[in-house]
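Below is one structure, written out as structure tokens; comments come after it.
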Amino acid sequence: MLDLLAVTLVLAQTPPQTDLHARVRRLIDASSAEVAVAFRRLDGSRELLIDPDKPFHAASTMKVPVMIELFRQAAAGQLSLDEQLPIRNEFHSIVDGSVYQLDPGDDSDSVVYANAGKTMSLRDLCEQMITVSSNFAANLLIERLGVENIRHTVTRLGADGMQVLRGVEDNKAFDRGMNNTTTARGLMVLMEKIATGHAVNPPADAEMTAMLERQHFNDAIPAGLPPGTVVGHKTGNITKIHNDAAIVYGPKPYVLVVLVRGIQDQKVSAALIASISREVWADAAK
């Protein structure tokens, strides 16, 4: 009788995450897309992992580790966030070193292009990279920071699922399959580190969080949250890829990452991510 009582108590204290898993799984199955999900409360008391280690094209979510490395180097005294960087639209392919340029028509930002031939601070470039997902800003920062340094920081933080190889629009590398990739778990780890003040240090992480909260594209994870919910997140979109990684500041704060592959219409993929976000929000508050 005592053994039965003990088992009952354990079951009563175990979060009913199978219910959340089933609800999210139904949404994924109905979409006919490949979807990876990683959700964890910041206190570690609840989580949901669906294909967390399946690699996806990172798209612009790779800008998160670029931001972390920028603030790490600033904290280490290796650079200043106020350093002025020349704005030149000239980059080198990792395949053969040949020069390529970014097309403003393929970017989501005009501010950095308007400053070509001038300078911008590293902080302002990071702001453009995160809030409006500027590819130009990302490439300039990657060149300044060093891709090997970015990879080393990712490894140090335990987010090996995130693989940063290069800047954006290196078509020769793309044609050879040399792409930036991520897993849901890898992105979750990076966002957790930022949210808990362990990516660089509490002041730097607070500044990074504030940038993430100023994100302009809010049709995915934020769209599934109650109005007014504070959320810091980074999106990533290319053809048939739609990613979102967020820190959600609800009554019980959590990190949620959703990676989607295989949906052409980004309005449809955004609606899918928002639906998953809505289910996770309902569960996270329990």
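Only counting other Cβ atoms within 10 Å, I'd like Met67, Met191, Met178 sorted with the fewest neighbours first.
Ranking Met67, Met191, Met178 by Cβ neighbours within 10 Å, fewest first, gives Met178, Met67, Met191.
Pairs of Cα atoms under 8 Å, at least six residues apart: use those to get the relative contact order of the chain, whole percent.
Averaging sequence separation for qualifying contacts and normalising by length gives 24 percent for the chain.
Given the pairs Lys193/Lys234; Lys252/Lys286; Lys193/Lys267; Lys54/Lys172; Lys240/Lys267; Lys63/Lys193, which are separated by over 18 angstrom at their Cα positions? The partial results should precede the final answer.
Values: Lys193/Lys234 15 Å; Lys252/Lys286 9 Å; Lys193/Lys267 30 Å; Lys54/Lys172 25 Å; Lys240/Lys267 11 Å; Lys63/Lys193 15 Å.
Long pairs (Cα-Cα over 18 Å): Lys193/Lys267; Lys54/Lys172.
Between Glu90 and Asp160, what's the calculated FRET efficiency when r is the beta-carbon distance and R0 is 22 Å? Round to 0.05.
Numbers: r = 32 Å, r/R0 = 1.44.
Working from the Cβ atoms, E equals 0.10.
If each of Lys172 and Val230 carries a label point 7 Å out from its Cα toward its Cβ, how far apart are those two points in nm?
The modelled label-to-label distance comes out at 4.7 nm.
With a/c under 1.5 counting as rounded, go ahead and sort the chain into rounded, prolate or oblate using the C-alpha gyration tensor (a ≥ b ≥ c being the square roots of the eigenvalues; past the cut-off, prolate if a/b is larger than b/c, else oblate). Mind showing how you got there, number by number?
Details: a/c = 2.08, a/b = 1.69, b/c = 1.23.
Prolate, since a/c reaches 1.5 and a/b exceeds b/c.
Which listed residue (Thr182, Ala220, Thr209) has the Cα farthest towards the positive end of the charge dipole for segment 157-223, taking +1 on Lys and Arg C-beta and -1 on Asp and Glu C-beta about the Cα centre?
Farthest towards the positive pole: Thr182.
Using DSSP to define loop residues, name the chymotrypsin sites (Phe, Trp or Tyr not before Pro) in segment 51-104 whose beta-carbon has at most 11 other beta-carbon atoms within 10 Å. Don't skip to the answer; put the middle values down first.
Working: sites: Phe56, Phe71, Phe91, Tyr100; in loops: none.
Listed in order of number, the matching sites amount to none.
Quick check: net charge around Gly232, other residues with Cβ under 14 Å of its Cβ, Lys/Arg +1 and Asp/Glu -1?
Around Gly232, the surrounding residues sum to -2.
With 10 angstrom as the radius, rank Tyr254, Tyr249 by how many other C-beta atoms surround their C-beta, starting from the fewest.
If I rank by nearby Cβ atoms, fewest first, I get Tyr249, Tyr254.
Would you please classify the overall shape of segment 91-219 from the alpha carbon gyration tensor, given that a ≥ b ≥ c denote the square roots of the eigenvalues, rounded means a/c under 1.5, and beyond that prolate means a/b larger than b/c while oblate covers the rest?
Working: a/c = 1.79, a/b = 1.21, b/c = 1.47.
Since a/c reaches 1.5 but b/c is at least a/b, the shape of segment 91-219 is classed as oblate.
Taking the Cα centre of the chain as origin, work out the dipole magnitude from +1 charges on Lys and Arg Cβ and -1 charges on Asp and Glu Cβ, in debye rounded to 20.
That gives a dipole near 480 debye.
All of the numbers you see were taken from the coordinates with simple rules; none came from a lab. These numbers come from a predicted model, not from an experiment. Using ideal geometry, Cβ is built from the backbone for each residue, glycine included, and neighbour counts are taken over all protein chains shown.
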